[in-house]
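The structure appears below as structure tokens.
The values are calculated or read from the model by the stated rules, or taken from the named source; none is laboratory data. It should be emphasised that the depicted structure is a prediction, and the values quoted were computed from it without experimental measurement. Cβ placement follows ideal geometry from the backbone for every residue including glycine, while neighbour counts extend to all protein chains displayed.
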Amino acid sequence: MKSIKVLFVTTSHDKIGNTGDKTGVWLEELAAPYYVFKGVDAEITLASPKGGQVPLDPKSLAIIIATRSTKRFLKDEEAMDILSKSVVLSAIKADHFDGVFLTGGHGSLWDLADNNVLKPLLEAFLRNGKPVGAVCQGVAGLVSLEKDNGECLVKGKQITGFSNSEEESSGLTWVVPFLLETKLLSLGALYTSGANYVSHVVADGNIITGQNPASSEEVAKRIIALVQLKKNNQYKNQFLVK
């Protein structure tokens, strides 16, 4: 396929409330899709609210949950260089990219939700019929989006994201700023989930969401498929900000 330009958006937030514990990006949700996109020779740009070094959740680096992709990423000099030099989100323009992928990690609940820079950026992607993918807590980046008439964008749309059950299993329900599943339901999203930590991906027009880390590769593959259709003039804008 023709070369595509993909934007990754990650959190810059590295603290779990006032607990003293560290958080950041859940590495699998960056590494797995990164190599899916590299597999089609995509040009990848990594952006975050603050720019610079992107924090990784220490728990996502544990040997017991390491995957082939995470091990490869940590040994990949190019990937680690990109991670250390993320572009500040305010410098990004949607028209430079074919699609966007929002990674998760608990930090996303603090700095991707209600982000006044990310909001218009994602709305611009959608307005131009470009795919917007998000996984796990990264779906929080969608909660503030609005249609042109001011209505919440996720209302009445098929959406998934980190479930309340999964949050309970993490032991952090008492400290996170909100429960993502509860928030999406309160906004009128048609939220669905599968079993804890098993891949579950849903798409509604050009919004593609994954429930958890295991969903990351499939979300990336669906973004590529939509970009391919658009480049071949076979894709009609299905979900505009109207």
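At pLDDT 95 or above, in a loop (DSSP other than H, G, I, E, B) and buried (at least 16 other Cβ atoms within 10 Å of the Cβ), is that true of VAL198?
no
Rundown of residues vs (1) crowded, with 18+ Cβ neighbours inside 10 Å; (2) in contact (Cβ under 8 Å) with a residue 12 or more places away in the chain; (3) under 18 Å from TYR197 (Cβ atoms); (4) not aliphatic (A, V, I, L, M), yes/no style:
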{"residue": "GLY105", "(1), (2), (3), (4)": "yes, yes, yes, yes"}
{"residue": "SER108", "(1), (2), (3), (4)": "yes, yes, yes, yes"}
{"residue": "GLU151", "(1), (2), (3), (4)": "no, no, no, yes"}
{"residue": "LEU179", "(1), (2), (3), (4)": "yes, yes, yes, no"}
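So which pairs qualify, if the first residue must be in region 3-25 and more than 30 Å from ASN232 (Cβ to Cβ), the second must be of a type in the set (Lys, Arg) and surrounded by fewer than 20 Cβ atoms within 10 Å (Cβ to Cβ), the Cβ gap must be under 6 Å, and the two must be at least 6 apart or on different chains?
SER12/LYS50; ASP14/LYS22
Looking at region 153-177 only, could you name the residues that are closer than 13 Å to ASN212 by Cα, in contact (Cβ under 8 Å) with a residue 24 or more places away in the chain and crowded, with 17+ Cβ neighbours inside 10 Å?
Hits for region 153-177 are ILE159, THR160, GLY161, PHE162, SER163, GLU166.
Restricting the first residue to region 73-101 and requiring it to be of a type in the set (A, V, I, L, M), which pairs with a second residue that is exposed (fewer than 14 other Cβ atoms within 10 Å of the Cβ) and part of a strand (DSSP E or B) meet a Cβ separation below 8 Å and a spacing of at least six or different chains?
Short answer, once both residue conditions are applied: VAL88/GLY52.
Working only within region 38-54, note down all residues that are touching a strand residue (DSSP E or B) at 6+ places or on another chain (Cβ under 7 Å) and either under 19 Å from ASP111 (Cα atoms) or among the hydroxyl-bearing types (Ser, Thr, Tyr) (or both).
Matches in region 38-54: THR45, LEU46, ALA47, SER48, LYS50, GLY51, GLY52, VAL54.
Can you tell me which residue among GLY156, GLY150 is at pLDDT 95 or above, assigned to a loop (DSSP other than H, G, I, E, B) and either among the polar types (S, T, N, Q) or farther than 25 Å from GLN228 by Cβ (or both)?
Result: GLY156 is the single residue among GLY156, GLY150 that is at pLDDT 95 or above, assigned to a loop (DSSP other than H, G, I, E, B) and either among the polar types (S, T, N, Q) or farther than 25 Å from GLN228 by Cβ (or both).
Just one of (1) modelled with pLDDT of 95 or more; (2) buried (at least 17 other Cβ atoms within 10 Å of the Cβ); (3) not in a helix (DSSP H, G or I) trips up ARG222, so point out which.
In the conditions (1) modelled with pLDDT of 95 or more; (2) buried (at least 17 other Cβ atoms within 10 Å of the Cβ); (3) not in a helix (DSSP H, G or I), ARG222 misses (3) alone.
Would you check if LYS230 is buried (at least 20 other Cβ atoms within 10 Å of the Cβ), out of contact with any helix residue (DSSP H, G or I) (no Cβ under 7 Å at 6 or more places or on another chain), more than 19 Å from ILE65 (Cβ to Cβ) and at pLDDT 95 or above?
no
Quick check on SER48: is it surrounded by fewer than 21 Cβ atoms within 10 Å (Cβ to Cβ), polar (S, T, N, Q) and modelled with pLDDT of 95 or more?
Here the answer is no, as SER48 does not meet what is asked.
For every residue, the table says whether it meets (1) out of contact with any Asp or Glu (no Cβ under 9 Å at 6 or more places or on another chain); (2) not in a helix (DSSP H, G or I); (3) not charged (D, E, K, R).
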position: PHE162; (1), (2), (3): no, yes, yes
position: GLU168; (1), (2), (3): yes, no, no
position: PRO177; (1), (2), (3): yes, yes, yes
position: THR182; (1), (2), (3): yes, no, yes
position: THR209; (1), (2), (3): yes, yes, yes
position: GLU218; (1), (2), (3): yes, no, no
position: GLN228; (1), (2), (3): yes, no, yes
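Residues in region 111-131: is at least one among the basic types (Lys, Arg), closer than 30 Å to ASN18 by Cα and either part of a loop (DSSP other than H, G, I, E, B) or at pLDDT 95 or above (or both)?
yes
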